[in-house]
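Data block below; observations after.
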Amino acid sequence: MITLTDVHKGFGNNHVLRGLDLVIPKGESMVIIGGSGTGKSVLLKCILGLVHPDQGTITLEGQDVTRGDRDAFLARFGMLFQGGALFDSLKVWENVAFRLVRGAKPMTKDQARQVAIEKLRRVGLKPTVADLFPAELSGGMQKRVGLARAFAAEPEVIFFDEPTTGLDPIMSGVINTLIREIVVEMGVTAMTITHDMTSVRAIADRVAMLHDGLIRWTGPVADMDAASDPYLQQFIHGRAEGPIESVR
């Protein structure tokens, strides 16, 4: 679905991506792992076209992501942001239906509200939540609203940016289960950025380890624990000693 070939991106003297190669198969859930500052968010922004690579190519089903109709391209994606990124001034249903009433073929508000309520039900929220404002919700509920918004417009690809950050272990488990169920039900291609190994094991079909601007290892999640790559093993087991330097 998405192919990255020899992708480089730097900011001044900070070379973030250094010739990255990665294939994200259609209909599968790819999880990108790696420490803070290794380039995971920059990789995501490059795919979406929010920043442009200095070198290399990124394609979506064979088409260069930097060319063609920008609106049509972005309409193929859904996104769950790390901090939720809900609009404080909009009610919950208006957040979920944001794209539905502003897309190329906008729905009426009544139609969009009904779709939003159905998506909220899918993530375990009652219809009474629809008319609340984000500030009236807990962190876990806000995250579920963000998830409902991410798939409300039936995208082909969904990105999940640190989906369990700031959540307790129980709510993290709820979000992981919802993500996995929705990805399977919809048959979408999913890409998740996380350093939470519990999420990795719950969400992933395939895993890619990003370190120092390169993919160090990629393969099925079932092969991860037995892989010989020392960077991967240090990261997944949280070891202080190894090739990944820690700040002391």
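The values are calculated or read from the model by the stated rules, or taken from the named source; none is laboratory data. Not measured: the values here are computed from a predicted model. Virtual Cβ from ideal backbone geometry, glycine too; neighbours counted across all protein chains shown. Note: areas computed on protein heavy atoms with side chains; ligands, DNA, RNA excluded. Shrake-Rupley method; radii C 1.70, N 1.55, O 1.52, S 1.80 Å.
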Q | Shape call, the range 1-84: gyration tensor on alpha carbons, a/c limit 1.5 | A | rounded
Q. When the chain is fully extended, how far beyond the present Cα-Cα distance does Glu241 get from Gln114, taking 0.36 nm per residue of separation?
A. 40.4 nm
Q: Quickly estimate the mean residue ellipticity at 222 nm for the chain, helices only: each DSSP H run with n ≥ 4 gives -39500 (n - 2.57), and the total goes over all residues, rounded to 500.
A: -9500 deg cm²/dmol
Q | Among 121-134, 195-208, the order from most to least packed when residues are scored by Cβ within 10 Å on average | A | 195-208, 121-134
(Q) Starting from 0.36 nm per residue, how many nanometres of slack lie between Leu132 and Phe11 once their C-alpha separation is accounted for? (A) 39.5 nm
Q.
Under the rule a/c < 1.5 gives rounded, and otherwise a/b versus b/c splits prolate from oblate, where does the range 23-72 land using the Cα gyration tensor?
A. oblate
Q.
Output the 0 to 90 degree angle, nearest 10, between the alpha-carbon long axis of helix 139-152 and the longest principal axis computed from the alpha carbons of the chain.
A. 90 degrees
Q | Distance between the range 122-191 and the range 49-89 - C-alpha centres, whole angstrom | A | 19 Å
**Q.** Overall form of the range 56-211 per C-alpha gyration tensor (a/c, 1.5; a/b vs b/c)
**A.** oblate
**Q.** Given charges at Cβ of Lys, Arg, Asp, Glu: the range 1-158 dipole, positive-most of Val92, Asn14, Leu80
**A.** Val92
Q: Determine the sum of side-chain charges near Pro53: Lys and Arg each +1, Asp and Glu each -1, restricted to other residues whose C-beta is under 14 angstrom from that of Pro53.
A: 0
Q | the chain - share of DSSP beta bridges that are antiparallel (%, nearest 5) | A | 55 percent
Q: Enter the Cα centre distance for the pair the range 1-42 and the range 197-248, rounded to the nearest angstrom.
A: 14 Å
Q) About its Cα centre, what dipole magnitude does the range 1-130 give when the only charges are +1 on Lys and Arg Cβ and -1 on Asp and Glu Cβ, stated in debye to the nearest 20? A) 560 debye
Q | 32 Å Cα-Cα threshold exceeded, pairs from Lys9/Lys119; Lys26/Lys91; Lys45/Lys91 | A | Lys9/Lys119; Lys26/Lys91
Q: Using a Gaussian network model of the chain whose springs link C-alpha atoms within less than 10 Å, name the residue from Gly12, Gly83, Gly187 with the highest mean-square fluctuation.
A: Gly12
Q. So for the chain, taking the charge dipole from beta-carbon charges (+1 Lys/Arg, -1 Asp/Glu), which of Met107, Thr66, Ala222 sits furthest toward the positive end?
A. Met107
Q) For Arg122, what charge total do you get from the other residues with a beta carbon under 11 Å from its beta carbon, if Lys and Arg give +1 and Asp and Glu give -1? A) 0
Q. Just the accessible area per residue of the chain, please: how many Å² with a 1.4 Å probe?
A. 49 Å²
Q. Over the chain, what relative contact order in percent results from Cα pairs under 8 Å that are six or more residues apart?
A. 26 percent
